[in-house]
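Novice: Just passing along the structure, written as structure tokens.
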Amino acid sequence: MAGERAMGKSIGFVPTMGALHLGHLDLVRRARSDNDLAGCSIFVNPIQFNNPEDLEKYPRTLENDLQLLEQTGCDLVFIPSVEEMYPGPVMEKYDFGDLERVMEGEHRPGHFNGVAIIVKKLFDIFQPDKAYFGEKDFQQLRIIQALVRMEKIPVEIIPCPTVRESDGLAMSSRNRRLTPEERLRAPEIYNTLVLARELVNIVPVSEVRKLSIARLESKGFRVDYFEIADIESLQPSNTWETNGG
């Protein structure tokens, strides 16, 4: 990409772990429309998985991914090996403070450090002007924004809206692992979010949490957490009035 940058061309970048869906392709289209060139990486990052079984079963569909990227107008695809990205022991440790101690960070120790390490490496390689991330992984988005500030990385992070199936289920590579029965039940997550949103400023925050968890459990889910938090700090809120929203 150095040659293109030398010619003054802008670069938009979309990091992925493959098994691409319409949500990923929407990010690539946005990168293509905003910049002279759109680049994408496909790398299943082992150090962000704290569950070995999840890493082993993560869907890998490289041939189909490449066809989709070509159809979407992606200019460059980077597909490194684990040995390329991690030639030696991984020593980096980022401290995101309270941002990584709630929700996913609480339930998946080390996950966000692994995300930050690989995103920093990819930014160093691509040196993009803009990088595109879906709001579906909202805590990850906030972590990456914090990483950019901490490391003073000259890239603009562009949040993009969650892309959903017709029944409301957020598009995700892991949806491929759902059984037919689980796939039928999965939209209840979205339905519960919609119902919770309708109770904003009507029912106390603590009660909405309880009602939402109870509803999900009644639909057959085991709930790790259902959180109502400040949109910037992601710290749990007990009131509808917050600094960020």
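The values are calculated or read from the model by the stated rules, or taken from the named source; none is laboratory data. Since this is a predicted model, take the numbers as computed values, not measurements. Heads up, the Cβs are rebuilt from the backbone with ideal geometry, glycines too, and the neighbour counts pull from every protein chain shown. Remember, those area values only see protein heavy atoms, side chains included, never the ligands or the DNA or RNA. Shrake-Rupley method; radii C 1.70, N 1.55, O 1.52, S 1.80 Å.
Novice: Can you tell me how many residues in region 114-147 are under 13 Å from LEU99 (Cβ atoms) and open to solvent by 20 Å² or more (accessible area, probe 1.4 Å)?
Specialist: Residues in region 114-147 being under 13 Å from LEU99 (Cβ atoms) and open to solvent by 20 Å² or more (accessible area, probe 1.4 Å): 4 in total.
Novice: Give region 199-211 a look and list any residue that's more than 20 Å from GLU106 (Cα to Cα) and part of a helix (DSSP H, G or I), or say none.
Specialist: VAL205, GLU207, VAL208, LEU211
Novice: Which residues, taken from region 79-113, are under 21 Å from GLY18 (Cβ atoms) and open to solvent by less than 20 Å² (accessible area, probe 1.4 Å)?
Specialist: PRO80, MET85, HIS111, PHE112
Novice: Taking LEU178 and the conditions (1) surrounded by fewer than 16 Cβ atoms within 10 Å (Cβ to Cβ); (2) over 27 Å from GLY114 (Cα atoms); (3) without any contact (Cβ under 8 Å) to a residue 40 or more places away in the chain, which numbered condition does it fall short on, given that it satisfies the others?
Specialist: (2)
Novice: If I ask for residues that are open to solvent by 40 Å² or more (accessible area, probe 1.4 Å), in a loop (DSSP other than H, G, I, E, B) and touching a residue at least 12 places away in the same chain (Cβ under 8 Å), which ones from region 164-175 would you list?
Specialist: Residues satisfying the conditions are GLU165, ASP167.
Novice: Then there is this: Taking region 212-243, which residues are part of a loop (DSSP other than H, G, I, E, B), open to solvent by less than 40 Å² (accessible area, probe 1.4 Å) and either of a type outside the set (A, V, I, L, M, F, W, C) or on the phi > 0 side of the Ramachandran plot (or both)?
Specialist: Scanning region 212-243 gives ASP230, LEU234, SER237.
Novice: With the checklist (1) part of a helix (DSSP H, G or I); (2) within 30 Å of ALA229 (Cβ to Cβ) in hand, flag the one item GLU92 doesn't pass.
Specialist: That leaves (1) as the condition not met.
Novice: Turning to a different aspect of this structure: How about region 42-80: which of its residues are part of a loop (DSSP other than H, G, I, E, B), under 21 Å from the mean Cα position of the chain (by Cα) and of a type outside the set (A, V, I, L, M)?
Specialist: PHE43, ASN45, PHE49, ASN50, ASN51, TYR58, PRO59, ARG60, THR61, CYS74, PRO80
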